[in-house]
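Written out below as structure tokens is the structure these notes cover.
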Amino acid sequence: MMPRRAAAALCLALLLAGCDRDGASQGGTIAAVANVEWHRKDLNEHVSRWLAISPMPSGLMQDVFDREWRPPAKRAGDLTMHSRLVYTMLVGYEATRDPRYLDAAKRGTDYLLDTFHDPVNGGFFQVVDLSGKPLGTNKGTYGHAFALLALAHAARVTGDQKYKDAALAAWQDIRRGLREPGGGLRGSAPRDFAAKPAGKHTQNPVMHMFEALLALVDATSDPQVLADTRELGDFVLNQLMVGLPDGGAYIPEWYDERWKPLQDDEGYIDMGHQFEWSHLLRSAEKLGVSPVYSAVADRLLKFAVAKGYDEQDGGIFNRMSANGNVDRNKYWWPQAEGMKAFLAVAQRPEMARRYRETLELVDKEFIDRENGGWLFGTRETCSHGLCSPRQPDPYHLVSLDWLVMSAK
């Protein structure tokens, strides 16, 4: 049970500080609400650990480790994980100004361009062996989203024109080869991006491509990228989002070939993704993508809190089925995305309370004080055999911590 008197005291303190529901105030900023020292310690532990074990001499980032940080006997390079770890090294450099992080990030970005990149058809291979040979030639949209994210952040942090050019070129390859006529993104494509019959769709790569485009807008201020970002965001809100009579809304996870939500066992609503879309849309409005996105973010947050937040013990539930049953298991990354969504509206006392309750849960249930890192789930969730024996990659976690540390 969470300490309700402490939560009430927090709300009162915020109200006395001049907090209102929609306007920012000194008492309602991220820096005022968040536990900055907790996030600073968490970030430093993540980036220092991954700097010590992930970068290989080639520039490839190792991403798979067990709970005791031991790598597997057989290793390969994965586009998604490599790109997430390049992003992690860039955050490490921004947070510490230690040149070792910048060196690792640049070598990782160069490896992305020299080895994962397809020199014939553009785009990126999903998996390469340790010699750099592609293991399969299909192009995955999810991996491309993270490659674009890494390139965009590399361009912004380093100021290197070659990374800016590479990021813009990568988006053009994605725009040409992975976008669908109706505005969505197909999940994968052959090496040459040739057309193929549409199958099931998922919103997940669309969401992360939107995130990557926000980073590209921030890094380049390119007007075409800004317009493309608006087009992708509007596709999601106009075609995928489901509005509810109470003013809330949600974005289903899986769709058929025509982007109609699935109603069978695959037709669930991922709670972490509702929180994630909420804070991404607010970021998009701040970047000038659309003046209405924060209002939509409120609708998604309304639903996410009502169905996906544990008001008794804090934390974010896993998912809700198409028939309304809620899976109350709690995993690591939704906690991070939930806290980011709460902090995005930290001037609202009830959201500041939920941030603190979730952080308390994370500190109690997710921090691995024996081996370091975060656990995959709470003790209750893991007791059912639902947790991986691997270390989670740090992308969601350092993103949360850096949001707090970089807040003005």
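The values are calculated or read from the model by the stated rules, or taken from the named source; none is laboratory data. This one's a predicted model, so the numbers in the text were calculated from it and none came from an experiment. Every residue, glycine as well, gets a Cβ built from its backbone with ideal geometry; the counts of neighbours run over all protein chains shown. Just so you know, the surface numbers come from the protein's heavy atoms only, side chains and all, with ligands and any DNA or RNA stripped out. Shrake-Rupley method; radii C 1.70, N 1.55, O 1.52, S 1.80 Å.
Within region 189-211, restricting attention to residues that are more than 29 Å from E285 (Cβ to Cβ) and surrounded by 18 or more Cβ atoms within 10 Å (Cβ to Cβ), the residue that is nearest to the chain's Cα centre (by Cα) is A189. For region 103-126, a residue qualifies if it is aliphatic (A, V, I, L, M) and open to solvent by less than 40 Å² (accessible area, probe 1.4 Å), and the qualifying residues are A104, A105, L112. Counting only residues that are modelled with pLDDT under 95, surrounded by 14 or more Cβ atoms within 10 Å (Cβ to Cβ) and not hydrophobic (A, V, I, L, M, F, W, C), region 26-55 holds 3 of them. Residues that are open to solvent by less than 40 Å² (accessible area, probe 1.4 Å) and aliphatic (A, V, I, L, M) within region 366-408 comprise I367, L397, V398, L400, V404, A407, listed in sequence order.
To keep it simple, each residue is scored yes or no on (1) over 20 Å from L214 (Cα atoms); (2) without any contact (Cβ under 8 Å) to a residue 60 or more places away in the chain.
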site	(1), (2)
S290	no, no
A295	no, yes
F303	yes, yes
G315	yes, no
D327	yes, yes
A344	no, no
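Please find, within region 305-329, the residue that is surrounded by the fewest Cβ atoms within 10 Å (Cβ to Cβ) out of those that are β-branched (V, I, T) and in contact with an Asp or Glu (Cβ under 9 Å, 6 or more places away or on another chain). Filtering region 305-329 for residues that are β-branched (V, I, T) and in contact with an Asp or Glu (Cβ under 9 Å, 6 or more places away or on another chain), the one surrounded by the fewest Cβ atoms within 10 Å (Cβ to Cβ) comes out as V305.
Might you check whether a residue that is hydroxyl-bearing (S, T, Y), in contact with a strand residue (DSSP E or B) (Cβ under 8 Å, 6 or more places away or on another chain) and open to solvent by less than 10 Å² (accessible area, probe 1.4 Å) occurs anywhere in region 330-342? Checking region 330-342: not a single residue is hydroxyl-bearing (S, T, Y), in contact with a strand residue (DSSP E or B) (Cβ under 8 Å, 6 or more places away or on another chain) and open to solvent by less than 10 Å² (accessible area, probe 1.4 Å).
Scanning region 275-296 for residues that are over 16 Å from D246 (Cβ atoms) and hydrophobic (A, V, I, L, M, F, W, C) yields F275, W277, L280, L281, A284, L287, V289, V292. Scanning region 296-338 for residues that are within 15 Å of E365 (Cα to Cα) and in a helix (DSSP H, G or I) gives W332, W333, P334, Q335, A336. Among the candidates E266, E253, single out the residue that is more than 17 Å from the chain's Cα centre (by Cα) and charged (D, E, K, R). Going through E266, E253 in turn, just one is more than 17 Å from the chain's Cα centre (by Cα) and charged (D, E, K, R): E266.
Scanning region 168-225 for residues that are touching a Pro at 6+ places or on another chain (Cβ under 7 Å) and among the small types (G, A, S) yields one hit, G187.
Which of the residues that make up region 339-352 are within 20 Å of the chain's Cα centre (by Cα) and not in a helix (DSSP H, G or I)? Break it down stepwise before answering.
Of region 339-352, the ones within 20 Å of the chain's Cα centre (by Cα) are 339-346, 351.
Those that are within 20 Å of the chain's Cα centre (by Cα) and not in a helix (DSSP H, G or I): V345, A346.
Residues in region 84-98 that are of a type in the set (A, V, I, L, M, F, W, C) and open to solvent by less than 10 Å² (accessible area, probe 1.4 Å) were compared, and the one that is nearest to M405 (Cα to Cα) is V91. Every residue in region 232-276 that is at pLDDT below 95 and assigned to a strand (DSSP E or B), please. Passing the criteria: none in range.
Every residue, every condition in (1) free of Cβ contacts under 8 Å to residues at least 40 places away in the same chain; (2) among the aromatic types (F, W, Y); (3) open to solvent by less than 10 Å² (accessible area, probe 1.4 Å); (4) under 30 Å from Y93 (Cα atoms), yes or no:
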| residue | (1), (2), (3), (4) |
| --- | --- |
| I174 | no, no, yes, yes |
| G182 | no, no, no, no |
| D222 | no, no, no, yes |
| V242 | yes, no, no, no |
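When the residues of region 353-408 are narrowed to those that are acidic (D, E), out of contact with any His (no Cβ under 9 Å at 6 or more places or on another chain) and assigned to a helix (DSSP H, G or I), which ends up farthest from T29 (Cα to Cα)? Walk me through it before giving the result.
First pass over region 353-408, keeping only residues acidic (D, E): 357, 360, 363, 365, 368, 370, 380, 393, 401.
Within this subset, residues satisfying the condition of being out of contact with any His (no Cβ under 9 Å at 6 or more places or on another chain) are 357, 360, 363, 365, 368, 370, 380, 393.
Filter again for assigned to a helix (DSSP H, G or I), leaving 357, 360, 363, 365, 380.
Values: E357: 17, E360: 19, D363: 22, E365: 27, E380: 33 Å.
Checked region 353-408; the qualifying residue farthest from T29 (Cα to Cα) is E380.
Cβ-Cβ contacts under 7 Å between residues 6 or more apart (or on different chains), taken from a first residue in region 192-206 that is in contact (Cβ under 8 Å) with a residue 24 or more places away in the chain to a second residue that is assigned to a loop (DSSP other than H, G, I, E, B) and of a type in the set (K, R), are listed as A198/R186.
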